[in-house]
Amino acid sequence: MIYYHFRNKGDLYRAAIESAIDEAFDLFAEHCNTERHETPAEAIGAWFDVHVRLYKQLRNVIKISLDCKGVVPGAPDSKQPIKRFYRHEKAILEGLIRDGIKSGLFRKDVDPATVATMVSTMLDGVLARSFFLKDFDMHDTVEAFKQAIMLSLGLRRIAVGPVRQVRRTLVVTEGS
């Protein structure tokens with residue numbers, strides 16, 4: 001019955017991963033709309049927060065990728081959906097970082113591509129670790145990562161409210 005809809009396992013894999021990726025980006029668009037945030041720093045913070053809120057859907061992207069890695073090892077386009085996911089994520093994050101540099105909020109010597117890759121890799125690590133350790137505290141780890149990224153961008157980030165709640169943040173530049 002599967003082969004009625006899909007020519008082979010590779011096509012099934014691509015359809016599954018593309019569906020999971022599309023769902024993730026629809027949810028990102030809903031929760032991380034940059035017009036909802038006063039600053040690029042808030043939008044980047046929301047990017048982290050959305051990963052925590054949507055961790056089940058995002059873990060599906062990782063799980064499908066890992067489960068199917070051996071299914072289509074020789075297929076030349078088998079990695080294309082995953083590459084598309086990372087390109088899209090990188091474009092969003094780089095844009096936010098550039099906006100922060102342009103507005104004077106972030107340091108001018110920040111490399112948007114490097115910071116975007118750092119954010120993406122941190123979040124991948126959090127999601128992967130949550131697979132293996134059921135008692136892993138994703139919330140506190142993500143908060144620590146947000147603090148580290150804000151510091152690398154030249155900001156101090158002062159959180160308002162408990163860690164486990166969605167909260168507003170006061171962002172202060174180093175000279176303030």
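The values are calculated or read from the model by the stated rules, or taken from the named source; none is laboratory data. Because the structure is predicted, anything quoted here is derived from the model rather than measured. For neighbour counting, all protein chains shown are included, and Cβ atoms are generated from backbone atoms with ideal geometry for every residue, glycine included.
Within region 7-56, the residues that satisfy the criterion of being farther than 26 Å from SER103 by Cα and aliphatic (A, V, I, L, M) are LEU12, ALA15, ALA16, ILE17, ALA20, ILE21, ALA24, LEU27, VAL52, LEU54. Residues that are among the aromatic types (Phe, Trp, Tyr), within 27 Å of LYS83 (Cα to Cα) and surrounded by 15 or more Cβ atoms within 10 Å (Cβ to Cβ) within region 93-149 comprise just one, PHE145. The residues listed here are ARG14, ARG7; of these, the one that is modelled with pLDDT of 70 or more and loosely packed, with under 13 Cβ neighbours inside 10 Å is ARG7.
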